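The values are calculated or read from the model by the stated rules, or taken from the named source; none is laboratory data. Small disclaimer: the values here were computed from a predicted structure and weren't measured. Don't worry about glycine lacking a Cβ; one is built from the backbone with ideal geometry, like all the others, and counts go over all protein chains shown.
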Amino acid sequence: MKWGTKYGPEYVNRLYAMVRRHLVGEFKFVCLTDRTEGIRAEVQCFPIPELTLPNGEPERGWKKLTTFSPDLGQRYGLQGTALFLDLDVVIVDDITPFFEVPGEFLIIHDWKRPWRITGNSSVYRFELGAHDDVLTQFCANQAQAKADFRNEQAFLTDVLHKQGKVKYWESSWCASYKYHCLPVWPTSYWREPFIPKGARILIFHGVMNPPDALAGRNNGNWRHARPAPWIAQHWCE
């Protein structure tokens, strides 16, 4: 998904290229967006399904819940198994296994507080049209959902966990750049960031994005970061 101006079309185009390099077989690559300019022709673009949010409230990714909208099937003709990928992830190895693990709904187990059920929605897999009740429940009582949960990934995981449908990816597959790729302090001052063993997708959450990692900008991150020139080998068309 891409809305607003935070991410340019190069994020979509590079994500497509990474998927093409790291996924066996044919696939349909879809971007839900309000801006299609500059996006490569292999990407199918559709409008983001309508989700009315009260003015002035933090967005916090709630629009991502529209991936469960019936519109995707009824209006756009999309069906089958979907793997959602955040725009700013970097794929470094084969992602075919993400389509092979059994389960109704798979998501990253959030690293920051692993004792909680909360998932990180940078990468999740589901059957299109199977969980429209998630969106319905949010729309029916937005105020309560926002009072109980900080963002959409906490809400989403809670709803589907109560239905017994949540499973988590193999812990090594989705690595946090912030937590897993940066050497421990103080070695981060002289050691280059690295790809953790077993990682297939690197997740950029918080203030850092791939260009920051490439240049060695920490953007207020709590740990010093040297440049990671190897990012350019993966985050490219």
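Figures for the structure shown
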{"quantity": "Looking only at region 46-63, and only at residues there that are closer than 21 Å to Arg75 by Cβ and touching a Leu at 6+ places or on another chain (Cβ under 8 Å), the one that is modelled with the lowest pLDDT", "calculated": "Leu51"}
{"quantity": "Selection status of Ala213, in contact with a helix residue (DSSP H, G or I) (Cβ under 6 Å, 6 or more places away or on another chain), of a type in the set (Gly, Ala, Ser) and under 23 Å from Asp93 (Cα atoms)", "calculated": "yes"}
{"quantity": "Matching option when the condition is charged (D, E, K, R), surrounded by 15 or more Cβ atoms within 10 Å (Cβ to Cβ) and in the same structural domain as Val134 (by TED's automatic domain parsing), among Asp158, Asp212", "calculated": "Asp158"}
{"quantity": "Yes/no for Phe68 being buried (at least 16 other Cβ atoms within 10 Å of the Cβ), more than 28 Å from Glu170 (Cβ to Cβ) and modelled with pLDDT of 95 or more", "calculated": "no"}
{"quantity": "Criterion violated by Ala175 - all others in (1) of a type in the set (A, V, I, L, M); (2) in a loop (DSSP other than H, G, I, E, B); (3) more than 17 Å from Tyr7 (Cβ to Cβ) satisfied", "calculated": "(2)"}
{"quantity": "Residue that is nearest to Met208 (Cα to Cα), among those in region 88-122 that are surrounded by fewer than 20 Cβ atoms within 10 Å (Cβ to Cβ) and of a type in the set (A, V, I, L, M)", "calculated": "Ile117"}
{"quantity": "Count - residues of region 81-104 that are in a strand (DSSP E or B) and within 14 Å of the chain's Cα centre (by Cα)", "calculated": "6"}
{"quantity": "Members of region 123-155 that are part of a strand (DSSP E or B) and either buried (at least 17 other Cβ atoms within 10 Å of the Cβ) or outside the structural domain of Arg60 (by TED's automatic domain parsing) (or both)", "calculated": "Val123, Tyr124, Arg125, Phe126"}
{"quantity": "Neighbours by Cβ (under 9 Å, 6+ apart or cross-chain): first from region 57-73, within 15 Å of Phe149 (Cα to Cα); second aromatic (Phe, Trp, Tyr) and assigned to a helix (DSSP H, G or I)", "calculated": "Trp62/Phe138; Trp62/Phe155; Leu65/Phe138; Leu65/Phe155"}
{"quantity": "Tally, over region 41-56, of residues that are more than 23 Å from Gly129 (Cα to Cα) and free of Cβ contacts under 8 Å to residues at least 60 places away in the same chain", "calculated": "4"}
{"quantity": "Evaluation of Val184 against (1) within 20 Å of the chain's Cα centre (by Cα); (2) in a loop (DSSP other than H, G, I, E, B) (one fails), failing number", "calculated": "(1)"}
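To keep it simple, each residue is scored yes or no on (1) assigned by TED's automatic domain parsing to the domain that holds Phe149; (2) within 16 Å of the chain's Cα centre (by Cα); (3) part of a helix (DSSP H, G or I); (4) of a type in the set (S, T, N, Q).
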| residue | (1), (2), (3), (4) |
| --- | --- |
| Met18 | yes, yes, yes, no |
| Val24 | yes, no, no, no |
| Glu42 | yes, no, no, no |
| Leu53 | yes, no, no, no |
| Lys64 | yes, yes, yes, no |
| Thr67 | yes, yes, yes, yes |
